[in-house]
Every structure is written in structure tokens, then in C-alpha cells.
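The values are calculated or read from the model by the stated rules, or taken from the named source; none is laboratory data. A quick note: this is a predicted structure, and the numbers were derived from the prediction, not measured. A quick note on method: Cβ atoms are made from the backbone with ideal geometry, for glycine too, and the neighbour counts reach across all protein chains shown. Remember, those area values only see protein heavy atoms, side chains included, never the ligands or the DNA or RNA. Shrake-Rupley method; radii C 1.70, N 1.55, O 1.52, S 1.80 Å.
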Amino acid sequence: MGSGKDKENRLLFTLFKDYILQCLAWTAGIGVAGLLLSYGIQWLIHRYVPNLYLTYRTLYLAMVMLVVWVFCMMWLTYRLLKRVMAYVDELQNAATLLFDKDVDYIRLSPELGEISVKINSLKQEAEKNERLARETEQRKNDLIMYLAHDLKTPLSSVIGYLNLLRDEPQISGELREKYVNISLDKAQRLEDLINEFFEITRFQLSGITLQYSRINLTRLLEQLAFEFAPMLRERGQTCQIEAPSDLMIDCDGEKMQRVFGNLLRNAWIYGYENTGIQIRAFSGEQQVTVEFSNRGDHLSKEKLDRIFDPFYRADAARGTSEGGAGLGLAIAKQIVELHGGSVFAESEGDRITFQVILPYIIGKS
């Protein structure tokens, strides 16, 4: 606390120190000059005007010196106030430049170096907050846009087929069943999208409590592969798991199942048909690594940098009927980070790999 306060008052201390030293120097100079002048006058009188007697000459000289000293002190005080006011004006001008986007760096006098650093830090912080506010506003607009687009498509289908069923009373039973099944599929698709929107919002909020338990990670991955087997067969895909049989980890099993399920679903959707998906899990001294690898379209660095952003789809040409709302990877990242881990993606040629790194032992809470 004391050192910070000393830094803040350093300029003020320097100004008054210079002022006091100048006052002392001028006072000493005027005193010395007065004594020399007194001795000089006395010598001249005794040498050239021996009969002249000036009774109060010392008092008169002292009064003159006092007047000179007062004017000097006033002049020094005026210089101090002028210097302070110049600094105040400089700081006022700097304050007007805080939100000027055309000014990258605010430069002040060398004496205001520390204040200049603080002002520029404040300017950078203000610009950062403004940028974050714009990004937040943009994300809100994106959310509205994606809600309108992704929810409208299945909802329009449901409304369309229900209108057909209402307007065509003589429709055949077979066609009626077909329309009902399509409407049900679209309604379920709509429910899945809404659940995804609620899910990403829930994981972005603070205060999520993880329910830790010790699980067999290999068994979890094998169970997911078994559940995805019918969908994989439709596209001629296979899933191979390479992991120790007894790979155990402390985590929230339900949420980590969501992570690996989202990654496997992503590989199923965006992987090439008639190719294999490889899942590798292995442990180090302090962490467990799980890799999902598949063959698919090469992802550029720009896409890799954004692939975990909410609502982002690496393949924009795919409609929501195939992919999700672009939230699966974002949700996976949120869950992994809640566990104190990290998730990465890389693309080499047509090989895309997602890597999840989790602490091997996590303290239960």
C-alpha cells in the first residue's frame, strides 16, 4: 500500500521539492547579495564620503532585500502553479483521447511517465471492454439468427404436413401414416435443437456442480461405440477402440459421456463414408488422453480456430437435418474445461483428430 501511494505522489513530491530548493537557493542568494551590497555601500561611504552618516542605511537595505525576496517567492510560486496547471491541462487533453479510436497511444510529458502508462492501460482496457461488448451483442444477434433459421426449418415441415392432414380428409391410410411419421421426426428434431440451445446456456453459466465418481473409461467408450453402431453401418463406417481394459478416471461420468458422444457424432456426420473412426485412450503420469480420429474434408487453420465456437459449422453446406445446431463441440469444450482439462483439434490432409486431455486424478467436490 505504502509503495503504491509513494508512486502516486512522486510527481507532487518532486514538484514541491524543486520549489522548496529553488526558494532556499533564491533566499540564500538574496541574503548573500544583501550582505555584499551592505559591505560595499559601507566601504564606498567611508572611502569617498567620510562625513556622510546614514543612520538607517542597514534597515533600508534590509527592507529593499525583503521586497526583492517577496517578489522572487511570488515569481517562483507562479512558476509552480503554471507548471501544475500545464500538467492538469495535459491530463485533461489525455482524458479526451481515451475513447478516440484514431489515437493508438497517448503521449505525455516525461514527468508524467507513470501516469501515461496507467492512462494507456485504461485506454486499452476500455477498448477491450468495448470490443467484448460488440462481440457479446454480435453473439446475441447470432443466437437470434440461428434460432430463427434452425428452428424454423423443422417447424415449417411440421406445420406443412399437419396442414396436409387437415386439408385432405380423404388421404389414404398409408400416406397419412407417412405424413405423421415425418411430422413426428421433425418435431423430435425440433426438440433436440431446443435441448441443445438450453444445454450450451446451462454449461456457460457459473456454479455448475460436477458429480465425480470413478469410472472405467474404456467401458464408457465401448458403450458409446455400441450405441452408434447402427448409424455408423448406414454410412459404411466402422469404429475401432484402442485402450487399456482397466483405464480408470475420476470424473462426472454422465457429462463426460456427453463429451465423447458429441465427438463421435461429429466424426460420424463429417467423416467420409466407408471409412473407419479410431478412438485411442492412454494415460500419462498426471493425465489421460482420448483421441477421436477420422477421415474427412481438410480443415484450414481458420476453421480449426473456430471449430469450438457456438453455432459454428465447419461444413456450412450441411443442413440442420444432418448436423446439429453447431453446439455439440462447444458443449464438449465447456464440460472438459469444467473438469480442468482441455480439448484440441488438428487436421493433416484428410485426417481430422480431436484430442481430449483430462487430469488423471481429480479431487472430488
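Determine, yes or no, whether Ser121 is more than 30 Å from Trp26 (Cα to Cα), modelled with pLDDT under 80 and part of a helix (DSSP H, G or I). Judged against the criteria, Ser121 is not a match. Residues in segment 127-158 that are surrounded by fewer than 12 Cβ atoms within 10 Å (Cβ to Cβ) and modelled with pLDDT of 80 or more: Lys128, Asn129, Arg131, Leu132, Ala133, Arg134. Within segment 234-256, the set of residues being of a type in the set (A, V, I, L, M) and open to solvent by less than 30 Å² (accessible area, probe 1.4 Å) comprises Leu247, Ile249, Met256. When restricted to residues that are free of Cβ contacts under 8 Å to residues at least 12 places away in the same chain and either open to solvent by less than 100 Å² (accessible area, probe 1.4 Å) or within 17 Å of Leu12 (Cβ to Cβ) (or both), segment 104-115 contains 2. Determine whether segment 286-301 contains at least one residue that is open to solvent by 30 Å² or more (accessible area, probe 1.4 Å), aliphatic (A, V, I, L, M) and out of contact with any Cys (no Cβ under 9 Å at 6 or more places or on another chain). No, segment 286-301 contains no residue that is open to solvent by 30 Å² or more (accessible area, probe 1.4 Å), aliphatic (A, V, I, L, M) and out of contact with any Cys (no Cβ under 9 Å at 6 or more places or on another chain). Could you say whether any residue in segment 90-98 is more than 30 Å from Ala25 (Cβ to Cβ), modelled with pLDDT under 75, out of contact with any strand residue (DSSP E or B) (no Cβ under 7 Å at 6 or more places or on another chain) and not in a helix (DSSP H, G or I)? For segment 90-98, residues more than 30 Å from Ala25 (Cβ to Cβ), modelled with pLDDT under 75, out of contact with any strand residue (DSSP E or B) (no Cβ under 7 Å at 6 or more places or on another chain) and not in a helix (DSSP H, G or I): present.
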